[in-house]
Amino acid sequence: MVTAAMSKDAATTCDLAIIGCGLSGLAAALFAAEKGFSTVLAGVSGGLMFATGLLDVMGTHPIETGHGWTDPWAAIDALSNDIPDHPYARLTTDTIKEAMEKVVLFLGKNGLSYVKSGENNSEIMTLLGTTKRSYYIPSTMWEGVRALREKRPCLIVGFDELQDFSAAQITQNLTGEWPGLRSLSISLNGITAASPLVSGDILARDMEMRGNLEKLARLIRPHLEDAETVGLPAVLGMKRPEENIEALSRELGTAVFEIPTTPLSVPGLRLNEVFMERLAERGVNLFFPERVLSWEKAEDGAFLLAMGQGPQKKWVRAEGVILATGRFWAHGLRADRDRIRETLFDLPVHQPEKRDEWHQEDFLDLRGHPANCAGLAIDNQFRPLNRAGEPAFEKLFAAGSILANQDWIRMKCGSGMSISSAYGAVNAFSRLRG
Ligand SMILES: Cc1cc2nc3c(=O)[nH]c(=O)nc-3n(C[C@H](O)[C@H](O)[C@H](O)COP(=O)(O)OP(=O)(O)OC[C@H]3O[C@@H](n4cnc5c(N)ncnc54)[C@H](O)[C@@H]3O)c2cc1C
């Protein structure tokens with residue numbers, strides 16, 4: 001028997017339903033709650049748990065030349081001129097800055113502070129021993145930016161139990177330009193469970209157990225020599241990384257910083273945890289983990305979203321919807337034999353005419369692959385367009401990587417584009433409500 005709570009008539013009612021719990025969905029929920037909208041956020045975990053924790057705004061344009069920018073705002077101006085359908089081109093730089101500042105303020109208040117270098121990108125080392133540009137840097141990584149810039153004597157420490165992070169590889173690749181860089185690998189036996197391999201998330205929680213930071217400091221101290229700063233994989237705590245860095249720094253008498261790791265990424269998990277916990281406290285109604293499987297239009301124009309199947313179906317009734325369901329990996333887009341489809345509303349997807357135009361012949365082609373710019377075409381209110389080029393629905397919006405005409409990985413604009421398009425969508429909903 002269908003219980004009342006699971007019937008359409010007893011649907012959870014809200015102003016705005018956001019579908020997708022990646023960075024764009026989470027940011028949209030934050031903005032919606034701040035505006036006082038009753039908000040539902042429905043989805044399963046997004047790409048954030050694999051993300052580095054860096055908040056890129058804009059790094060590379062045009063991608064075919066690989067031109068890197070120190071000033072991301074000048075890069076956005078150039079991009080908006082060259083690609084007028086890029087999501088950034090629908091926003092002013094002031095709006096993008098405002099969106100980023102709101103998210104960074106929220107994260108800072110909840111124990112994840114970010115640092116930037118004026119209005120410019122900063123250069124940060126990667127776990128491959130290369131460098132990349134990003135805008136907002138987790139404060140736990142900031143001493144690494146300074147050490148790299150000033151080439152200060154530095155010891156990179158890896159753990160035998162964390163196999164995807166090699167301190168030796170980092171130093172080998174950077175040592176030519178940074179003579180004071182050394183590496184060390186230590187075993188964490190006694191700090192973490194006696195197992196040959198440990199994942200970053202387990203290590204991060206172990207680092208919060210009493211006495212473990214002191215043990216770690218004892219293992220590193222004999223190898224410090226002239227090091228003024230010590231870099232470690234980004235596993236120095238899940239809930240209190242900043243306090244941990246400070247404590248370890250005190251123990252060692254040097255600056256300490258984290259280096260982004262491979263997925264599963266602890267800085268990404270930290271972001272995910274802070275958003276999920278604090279959004280719930282701000283009154284966002286979380287349907288998690290839930291996949292929205294179908295939708296209907298009610299007579300009054302509201303959206304009825306269905307999660308689950310059969311008698312277990314849960315319903316949400318929303319005046320407006322933001323679709324933040326990501327790309328192929330997240331199943332927001334699906335590549336069929338002949339065309340790329342949007343999976344929930346069957347919205348038209350901007351894409352190359354024919355399948356054999358999806359990819360360049362060379363996998364590493366600097367221009368990127370046209371399939372990576374496929375996605376939803378939108379109007380200036382972030383509303384996906386129907387086949388006639390009109391908004392598909394008055395109050396259906398889209399945000400994040402599902403949007404067309406952007407290749408966030410190559411352009412290095414992932415977080416900035418996700419956050420600011422979410423802001424654009426929430427503001428548009430607010431305006432259309434009057
Ligand atoms: C490996 C990796 C590294 C990264 N590194 C960086 C970096 O260095 N700098 C940076 O700025 N950003 C980085 N990012 C983050 C990136 O910016 C964002 O993940 C990206 O912008 C996309 O976010 P999104 O919310 O649009 O999509 P996603 O993160 O893909 O989230 C989409 C969500 O929608 C859900 N969904 C799909 N369909 C449904 C449905 N029907 N019902 C409910 N839910 C649904 C999916 O399950 C998923 O949870 C990285 C991401 C990854 C994966």
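None of the figures in this text is laboratory data; all of them are computed from the coordinates on show. Being a predicted model, the structure only gives us computed values, none of them experimental. Virtual Cβ from ideal backbone geometry, glycine too; neighbours counted across all protein chains shown.
Simple point charges give the picture: +1 on the Cβ of Lys and Arg, -1 on the Cβ of Asp and Glu, and for the range 127-259 a dipole about the Cα centre of about 180 debye.
Can you give the calculated 222 nm mean residue ellipticity of the chain, where each DSSP H run of n ≥ 4 adds -39,500 (n - 2.57) and the sum is split over every residue, rounded to the nearest 500 deg cm²/dmol? Can you show the working numbers first?
On the way: 11 runs with 125 residues, N = 434.
It lands at -9000 deg cm²/dmol.
Geometric descriptor of the range 127-259, per residue, is 97 Å³ (volume of the convex hull of the Cα atoms). How many angstrom lie between the Cα centre of the range 59-125 and the Cα centre of the range 372-434? Between the Cα centre of the range 59-125 and that of the range 372-434, the gap is 17 Å. Each residue of the range 319-336 was assigned a 3J(HN,Hα) from its phi angle through the Karplus curve 6.51 cos²θ - 1.76 cosθ + 1.60 (θ = phi - 60°); the sequence is 5, x, 10, 10, 8, 10, 9, x, 9, 5, 4, 7, 6, x, 10, 10, 8, 7 Hz, with glycine and proline shown as x. Axis of helix 266-281 versus longest Cα principal axis of the chain: the two differ by about 50°, to the nearest ten degrees. So what's the angle, to the nearest 10 degrees on a 0 to 90 scale, between helix 72-82 and the longest Cα principal axis of the chain? With both axes taken from Cα atoms, the answer is about 40 degrees. Peptides 243-252, 351-360, 279-288, 133-142, ordered by how many other C-beta atoms sit within 10 Å of their residues on average, highest first, read 133-142, 243-252, 279-288, 351-360. Rounded to the nearest 20, the Cβ-based charge dipole of the range 232-273 about its Cα centre (Lys and Arg +1, Asp and Glu -1) stands at 80 debye. Taking Pro391, Pro233, Pro222 as the candidate residues, the one with maximal mean-square fluctuation in a Gaussian network model of the chain, Cα springs under 10 Å, is Pro222. The peptide list 23-33, 39-49, put in order of mean Cβ contacts within 10 Å with the highest first, becomes 23-33, 39-49.
Each Lys or Arg adds one and each Asp or Glu subtracts one; over the other residues with Cβ under 13 Å from the Cβ of Leu127, this totals -1.
For the chain, set up a Gaussian network in which alpha carbons nearer than 10 Å are linked by springs, and say which option among Lys215, Lys239, Lys109 fluctuates the most. Top of the fluctuation ranking is Lys109. Using the alpha-carbon positions of the chain, Rg (one decimal) and Dmax (whole number) come out as 22.9, 73 Å. Across the cross-link table entries Lys116/Lys412; Lys239/Lys412; Lys116/Lys151; Lys35/Lys239; Lys8/Lys395; Lys97/Lys239, which are compared at the Cα atoms, the separations over 25 Å belong to Lys239/Lys412; Lys35/Lys239; Lys97/Lys239. Projecting the Cα atoms of Ala227, Leu148, Thr254 onto the charge dipole of the range 127-259, computed from C-beta unit charges around the Cα centre, puts Leu148 farthest toward the positive end. Relative to the longest principal axis of the Cα atoms of the chain, the long axis of helix 414-433 lies at roughly 30 degrees. Place +1 on the Cβ of every Lys and Arg and -1 on the Cβ of every Asp and Glu in the chain, take the dipole about the Cα centre, and give the residue among Val316, Ala99, Ser415 whose Cα lies farthest towards its positive end. Of Val316, Ala99, Ser415, it is Val316.
A dipole drawn for the chain from +1 and -1 charges on Cβ atoms has a positive end, and of Gly20, Leu55, Val157 the residue lying farthest that way is Gly20.
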